[in-house]
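Here's the structure, in structure tokens; my notes come after.
The values are calculated or read from the model by the stated rules, or taken from the named source; none is laboratory data. Here the structure is a predicted model, which means the values were calculated and not measured. Positions of Cβ are backbone-derived with ideal geometry, glycine not excepted, and every protein chain shown enters the neighbour counts.
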Amino acid sequence: MALDLVPPEPTDVPFDSALSERYLVYALSTITARSLPDVRDGLKPVHRRLLWAMRLLRLDPASGYKKCARVVGDVIGKYHPHGDASVYDAMVRLAQTFALRYPLVDGQGNFGNIDGDNAAAYRYTEARLTQVAIDLMEGLDEDAADFRPTYNGEEQEPELFPGPFPNLLANGAQGIAVGMATSVPPHNAAELLSAAIALIDTPNADDGVVLEHVKGPDFPTGGIVADSPAAIAEAYASGRGSFRVRAKWHQEDLGRGTWVTVVTEIPYGVSKGKLIEAIAALINDKKLPILADVRDESAEDIRIVLEPRSRTVDPGTLMDGLFRLSELETRVPLNLNVLDKNHTPRVMGLREALAAWVEHQFVVLRRRSEHRLAKIGDRIELLDGYLIAFLNLDRVIEIIRTEDEPKPVMIAEFALTDRQAEAILNMRLRSLRRLEEMELRREREGLEKEKGELEQLLGSEARQRTRLKRDFGKMRERYGLETELGRRRTVVEEAAPARDIPLEAMIEREPITVILSQRGWIRAMKGHVELSAAETLKFKEGDGPLFAFHAQTTDKLLLAADNGRFYTLAADKLPGGRGFGEPVRLMIDLEGERNIVGLLPASAAERLLVAASDGRGFVVKTGDVLAETRKGKQVVTPRAGAALQVVRPLAPEDDAVAVIGDNRKLLVFPLSEVAELARGQGVQLQRYREGGLADVTAFRMEDGLRWRMGGEQGRIRTETDLTPWRAARGAAGRMPPQGFPRDNRF
């Protein structure tokens, strides 16, 4: 007989409201049942179901391993109807010693490594529980946690784990839900348990009490937390922030002045393989020229060897460069967004999260005590029935032998309960010996004593606090700082942020001689050669030297054009001294018709004196003329018809200025009368009826004005009495002293 399937009547619902309602249901499901951990056991549902399935398979630390495929199959078949890959990935993470501070799964086989390699397929790997997982699940058989039906109603699963191990903060958690996320770094369990004991003694303690015990995160991969105590305290108080984590390294001496730095611990969550690839890329791209090579010599322990370009490189500078440019320093986020006891997501501070776990442990203690009391009551009831049977053994045997229905007769005659009568009828014959009666009495006395202690415990908060402190103390001994598993791995040590790498540190410092020809060809010869030899060098036909000076490869060179624009050249990027060099216009955007009027190292002076052909000029700081691009920087803005003509470095002791014009008039005035600007036309240094400025220089008035005499001997003349030429800035001046060069150049 065929069934007529009638589709449901369509409903007319606004699209936006239907979408929002359905999306809200999905979002709440993701937040409360998938992505956020519970503050009481620190687990997401998939982790809890994995451990529960392994417990039912009796995969305790003392038993053998079982295939991970068996565990994953049970989990997705009974508890967690998701993809096997996602469930297995979650199980793998629980077993990785570099991912979890206290692994909950003991894996056998390839479970991945810190290089970023994936685990083997689940048909090859095996696993069992660790002691940490057993401690986390302690009390499940004692009604310490509620159970709920599985998704198909065929089985039961725990809603949370009640054990006295602070898993949320000890192992941390990461998760992304809808509209919110969580990121909790791992901490040291012994420190957390000490802080929990302190909270039991002083429930209203502030954050400072917790931070006396919890120094900071404790990552499985070690490293150094470089933040200040104040920054750490601020992050823990709000539950939001981040921790600056850097690698641990040391310097190894190789003899004869050579050395390498060796990284032994890397930041948490960083793949070693990708880290080394990134450092190698820095070397290939020449982004860190002071680093020559990187080698991975790791075996079981991490050992990354970093070789400097030169023995003169400072190790601290090298590592600061790597901290800035690679993942040898990272930020680990803190977002303590978890589900509270009411399954409400919220961000907690460290103290609040730890206090919520301690509160949960009080609930667990009371539930376990009540469960044990009920078990003791049941057992005492049976023991009382057994003792009645022993005291009236002959009559009991007679009733059993003669009565068709002995149970109601025994209940009526000896005032037994139904459970007592049933237990007596099920008693074995070998239990009817006299010794058994003595053992029963001893057992009953022991149970009565335990019952009294439990009733006192449940009736006294002080006893509960004492008991919980004792339990935490035992757990702290198991994971103590002196044990291999419990020792602190991450050092909390404040360090300054990585420094900006100075140019001098990035380039090997070597002396050079810079030569610029009249046609604009530039080159750098190795070493400091005699500047007088520059004229004997080879130049193109019709070309000759324009500027020649000594510098270092670490210098920045300032080039000034007659339009008042300044350009910056890197001395280490100049072409070598062989050949004619290269046109400087290929390195900067200098217009073809513009002439070069100045070239000097930026380190030559802190201030420069600049002057245009119309006699206007000013003082400018060297730092203000440095340009970052090929286009340069406009510093001097000459008036129409004028051009930048002179760029002179100023010595710290200079206090006077001498100006001479094309009309051969000399003027001397104090340097203090010249304005200091960052950009502009400047002030009038000297006035001219005809012609313009020929040259300008700065000097120390006490030393007098010096100039080179003509002839082969190269004599220098000094004029100390400059009174005839001294006047206010902007005057016309007068004829120079006898013997002043005919070319009007100082």
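Structure notes:
- Residues of region 109-134 satisfying the condition of being surrounded by fewer than 18 Cβ atoms within 10 Å (Cβ to Cβ), polar (S, T, N, Q) and part of a loop (DSSP other than H, G, I, E, B): Asn110, Asn113, Asn118
- On the stretch given as region 657-714, residues that are closer than 13 Å to Gly617 by Cα and basic (Lys, Arg) total 2.
- From the list Asp218, Asp227, the lone residue that is modelled with pLDDT of 95 or more, in a loop (DSSP other than H, G, I, E, B), under 14 Å from the mean Cα position of the chain (by Cα) and not aliphatic (A, V, I, L, M) is Asp218.
- Region 496-520, residues that are hydrophobic (A, V, I, L, M, F, W, C) and either modelled with pLDDT under 90 or under 13 Å from Ala570 (Cα atoms) (or both): Ala496, Ala498, Ile501, Leu503, Ala505, Met506, Ile507, Ile512, Val514
- Residues in region 672-685 that are touching a residue at least 60 places away in the same chain (Cβ under 8 Å) and surrounded by fewer than 19 Cβ atoms within 10 Å (Cβ to Cβ): Glu676, Gly680, Gln681, Val683, Gln684.
- Number of the condition not met by Phe669 [criteria: (1) modelled with pLDDT of 90 or more; (2) out of contact with any Asp or Glu (no Cβ under 9 Å at 6 or more places or on another chain); (3) assigned to a helix (DSSP H, G or I)]: (3)
- The residues of region 556-614 that are over 26 Å from Val657 (Cα atoms) and part of a strand (DSSP E or B), listed by number, are Lys556, Thr568, Leu569, Ala570, Gly576, Glu582, Pro583.
Per-residue answers, yes or no, for (1) crowded, with 19+ Cβ neighbours inside 10 Å; (2) within 60 Å of the chain's Cα centre (by Cα); (3) part of a strand (DSSP E or B):
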| position | (1), (2), (3) |
| --- | --- |
| Val659 | yes, yes, yes |
| Glu702 | no, yes, no |
| Arg717 | no, no, yes |
| Phe740 | yes, no, no |
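- Subset tally (residues that are surrounded by 19 or more Cβ atoms within 10 Å (Cβ to Cβ) and outside any loop (DSSP other than H, G, I, E, B)) for region 514-545: 10
- Hits in region 234-256 - residues which are farther than 17 Å from Ala173 by Cα and among the aliphatic types (A, V, I, L, M): Ala237, Val245, Ala247, Leu254
- Counted as qualifying within region 254-339 are the strands (runs of 3 or more DSSP E) with 3 or more residues that are buried (at least 19 other Cβ atoms within 10 Å of the Cβ), namely 258-265, 304-308, 329-335, 337-339.
- The lone exception for Ala127 - which of (1) over 28 Å from Ala353 (Cα atoms); (2) at pLDDT below 95; (3) among the hydrophobic types (A, V, I, L, M, F, W, C) it fails: (2)
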